[in-house]
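Visitor: This is the structure I want to talk about, given as structure tokens.
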Amino acid sequence: MKRTTFLSLLLVVSFALPLVAVKATTLEEIKQNQANVSRETEELNENLNDALTKTNEKYRQITELQTELDKAKENLQKYNTDITKTEKSIAVRKEAVAEQMKQLQLNNQQNTFLEILLSSENLSDVINRSIAMNTIRNAQSEKITSLAEAKEKLVTLKEKVAKTAKELAENTEQMKKEASEMEQQVASLKAEVAKKQQVMQTLAQAQKTEETKIAEANARQERELAISQKQESIASDSGTESNAPATNQPSVSTGNGREMNVQATGYSCQEAGLSWHTATGIDLRQNPNVIAVDPSVIPLGTLVEVPGYGVAVAGDTGGAIVGNIIDLHFPTVQQALNWGRRNVTIKILS
């Protein structure tokens, strides 16, 4: 009896431990993926912050260029106004000179000189009058020349400012193009960060699922070990074959179904660490009358009548449930303890 129970215990350990090891490996892979994605996300955020800084600096430069361009346009307008005024002044001066020249031509320069000579009181007066006329004529010419030079300077300044304005406009457009490209880069980096965050959420959910599976597997393993230890303890206390497991005992057919001698233990989903769902997906909170069986002895889905328990469905399995052994589910832990371990004759209904 002790030997049989010890072998059952070894089977529990050998079947349960690899399951936990596989899940732990999967969980380790998930955690490694999380670390990789977290590192990639951190790098993306650094690149994003750098791109945002450069984009803001580019827009600051665009603002400065736009201010300079507006000032250049202002100067161009001012120079245009000044040139127009100067041109008007030159036109007035030229008109005055033209009128004087016209008078000189009408009177003839020689006649004018004779007129000055005859009308003058003496030679000194003649010289003074001639000098005065030349001075007036030269003064008008100098004013016209001065105005023309002023106009040339204004035109030169206008051309220089126009060239500067053109360069500023071109630089501003280039800056705007670069800023637009940076905005696209920022948008792309934001999209990548969002994708990484979605991956992190998916991995977090996968981690939670794997941890739940591991916890359920560990709880089942502990329950199966507890069942085996309980069987070993009962067998040690009895020391007789009357309480030995009914493994491989022949079943007896009756008119209402096939009967089978089995050893029945009890468990409850309320035990710490156990799942509410069975191996076949039954929710034990809603359908508590479920028994764990060896599927090679009692197929899953079979309806079974257990004396002192009632009709239940074979809907769960366990590493320690081998041969003619069944484990009855109870709503509470105390009910499972009260049942203990019994040899009963069950009836297979379907």
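Visitor: Could you give the length gained by full extension between VAL311 and LYS166, i.e. 0.36 nm per residue of separation minus their alpha carbon distance, to one decimal place?
Guide: Length difference between fully extended and current span is 42.7 nm.
Visitor: Ok, one more. Given the C-alpha centroids of the stretch 69-83 and the stretch 311-344, what is the distance between them in whole angstrom?
Guide: 99 Å
Visitor: What does the highest-first list of 144-150, 259-265 look like by mean Cβ count within 10 Å?
Guide: 259-265, 144-150
Visitor: Would you kindly state how much longer the chain becomes between SER141 and ALA206 on full extension, computed as 0.36 nm times their sequence separation minus their alpha carbon distance, in nm to one decimal?
Guide: 13.8 nm
Visitor: Sticking with the crude label model, points 7 Å out along Cα→Cβ, report the distance from ALA194 to GLU87 in nm, one decimal please.
Guide: 5.7 nm
Visitor: Let me ask something else about it. What FRET efficiency comes out for GLN174 versus ALA96 if R0 is 35 angstrom and r is the Cβ-Cβ distance? Round to the nearest 0.05.
Guide: 0.10
Visitor: Same structure, new question: Pulled fully out, how much extra length does the chain show between GLU222 and THR156, if you take 0.36 nm times their separation in residues and subtract their Cα-Cα distance?
Guide: Contour length minus Cα-Cα distance gives 14.1 nm.
Visitor: Which of the aspartates and glutamates could a cross-linker span from LYS73 if the Cα-Cα distance has to be under 18 Å and same-chain partners fewer than 8 positions apart are dropped?
Guide: The reachable aspartates and glutamates, counting only those whose Cα sits under 18 Å from LYS73, are GLU64, ASP82, GLU159, GLU167, GLU170, GLU173.
Rule-based calculations on the coordinates, nothing more; no lab input. The structure displayed is predicted, hence computed values, not measured ones. Cβ: placed from backbone, ideal geometry, glycine included. Neighbour counts: every protein chain shown.
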